[in-house]
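One structure below.
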Amino acid sequence: MELHTLSHDAGASTQNLHRLRAPEQIIDKAHDATSEVPIEVLEQNFAAKNLDMESEGVANNNQTREYVQLAALYWCLFLAGWNDGSTGPLLPRMQEAYNVGYIIVSLIFVFACVGFITGACLNVPFSQKLGFGKTLVLGSILQQIAYAIQAPQLPFPVFVMAFTINGIGLSLQDAQANGYVASLKTHSETKMGLLHAAYGAGALCAPLVATQFAQMKHWSYHYLVSLSVATINTIVQIAVFRFKNQDDCLAQIGVEPGEKGTSEKSHFRQILSLKTVHLLAVFILVYVGVEVTVGGWIVTYILTVRGGGANSGYISAGFFGGLMLGRVVLLWVNQKIGERRVLYLYAGLAIGLEVIIWLVPSLIGDGVSIGIVGMLLGPMYPITMNHTGRVLPRWLLTGSIGWIAGFGQAGSAVLPFMTGALASKFGIKTLQPLLVSMMAFMTILWWLVPGAPRKVD
């Protein structure tokens, strides 16, 4: 009996010993398994990990460069917005300083129109011969020259001529910036919205400064501030893009060059042969005309029809503030409803608010409504640029956007001049019915624009 117990205890001890040694055996087996893996496989795994880390580092560097490039282009559009937002508060002071009426002072819009169309025509050959970076810098330098002419309050013909020089510079930069952002492969809709939100930010800040200068003796010194903004812009464009062409700049952020056309026709002839380009150009012409007419003449309307005071210039800032806000805040609405359909909604609401401004004589109500109208009009321009990128060939995109934007900027002269001519004969009260009719016409034009995606080139 005792012998059996000893035997049983010995067996248990042996089992416990095996259990205690089990981890060592596991480690030895794992070591043996590792030692059996070929060195070539381990080297391949190590190289793959290094390649992944390098790829991640390159992607991060590309993303950083892209953010820097976008920031430079946003400043470029900030300057464009600053330029357009400066006119409204200074317009009554221009009339007073030069002793001119509505029609004569409206010549600033006509001469700006000449500059915009000239810039649109020059954009295509400049893009091919000078390239993206040089064209951007040239446009900014032209704006510097224009502001330097305007600041000393030279005789009215010279002052007005500066608007043509400014228009050429603005048109070149607008085309290049829009074409570049439309060529980006990821989140181009959001980036386009932010690009034009920067325009709204410039147009918001300018009236705040211009309203102060409008009450000073040397009101034209406002253009010295504009000259400073343009000088910073020139330095930024040189530092970031270094006079390189668009394909080289896109390659720096990991974007492959777009497809090339095989037609023997010149780019300009190919662009002008596209019906969609002309429909979009006319749509943008009316849109920009409405935008600049509201921003440029609403201060005069509030002063004359609603009896506003010296601070009425801030209503123009409210409009452009709404414009900026709409291009950011309403991005999710555009994506939810669809960019093509949502534009009809914005146009309908904007028309309704303009009718309220027209028929309801309330200074505060008008100011609030104008801000909301700006918010509704805001997304329309970037939506149009995004749609252009979807329906036109990639290799004609920058040139097409240049023509659309440049020709469209003519609206910033045509409609404000029409407003001035009508105001000269019938009074500035004609502003609201003109805006309502133009918004309705703009909606019809959008319905005519093809909605089909771009075919493979």
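The values are calculated or read from the model by the stated rules, or taken from the named source; none is laboratory data. No experiment lies behind these values; they were computed from the predicted model shown. When we count neighbours, we look across all protein chains shown, and the Cβ atoms used for this are built from the backbone with ideal geometry, even at glycine. In case anyone asks, the SASA skips ligands and DNA or RNA and just uses the protein heavy atoms, side chains included. Shrake-Rupley method; radii C 1.70, N 1.55, O 1.52, S 1.80 Å.
Quick rundown of the values:
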{"item": "Residues that are part of a helix (DSSP H, G or I) and in contact (Cβ under 8 Å) with a residue 60 or more places away in the chain, drawn from region 301-318", "result": "Y301, I302, L303, T304, A310, N311, G313, Y314, S316, A317"}
{"item": "Region 70-129, subset of a type outside the set (A, V, I, L, M, F, W, C) and outside any helix (DSSP H, G or I), residue farthest from Y301 (Cα to Cα)", "result": "N99"}
{"item": "Selection status of I357, of a type outside the set (F, W, Y) and within 29 Å of T211 (Cα to Cα)", "result": "yes"}
{"item": "Cβ-Cβ under 9 Å pairs, at least 6 apart or on other chains, region 124-147 side at negative phi, far side of a type in the set (K, R) and open to solvent by 50 Å² or more (accessible area, probe 1.4 Å)", "result": "F126/K134; F132/K244; G133/R242; G133/K244; K134/K244"}
{"item": "Residue within region 419-438 that is open to solvent by 40 Å² or more (accessible area, probe 1.4 Å), farther than 19 Å from G296 by Cα and part of a helix (DSSP H, G or I) present", "result": "no"}
{"item": "Among residues of region 134-163, those that are over 16 Å from A230 (Cα atoms) and open to solvent by less than 40 Å² (accessible area, probe 1.4 Å), counted", "result": "3"}
{"item": "Every residue from region 183-196 that is open to solvent by 10 Å² or more (accessible area, probe 1.4 Å) and in contact (Cβ under 8 Å) with a residue 40 or more places away in the chain", "result": "S183, K185, S188, E189, T190, K191, L194"}
{"item": "I315 vs. criteria open to solvent by less than 10 Å² (accessible area, probe 1.4 Å) and out of contact with any Lys or Arg (no Cβ under 6 Å at 6 or more places or on another chain)", "result": "no"}
{"item": "Matching residues in region 402-418 - criterion: being closer than 30 Å to S127 by Cα and open to solvent by 40 Å² or more (accessible area, probe 1.4 Å)", "result": "F407, V414"}
{"item": "Number of positions in region 372-399 that are modelled with pLDDT under 85 and either part of a helix (DSSP H, G or I) or open to solvent by less than 10 Å² (accessible area, probe 1.4 Å) (or both)", "result": "10"}
{"item": "Condition broken by S226, with the remaining ones in (1) open to solvent by 10 Å² or more (accessible area, probe 1.4 Å); (2) in contact (Cβ under 8 Å) with a residue 12 or more places away in the chain; (3) of a type in the set (G, A, S) satisfied", "result": "(1)"}
{"item": "Criterion: in a helix (DSSP H, G or I) and surrounded by 21 or more Cβ atoms within 10 Å (Cβ to Cβ) - qualifying residue of G326, G365, G348, G352", "result": "G326"}
{"item": "The lone exception for T118 - which of (1) touching a Phe, Trp or Tyr at 6+ places or on another chain (Cβ under 9 Å); (2) modelled with pLDDT under 95; (3) closer than 27 Å to L224 by Cα; (4) among the hydroxyl-bearing types (S, T, Y) it fails", "result": "(1)"}
{"item": "Lone unmet requirement of (1) farther than 22 Å from S106 by Cβ; (2) over 18 Å from the mean Cα position of the chain (by Cα); (3) without any contact (Cβ under 8 Å) to a residue 24 or more places away in the chain for A347", "result": "(3)"}
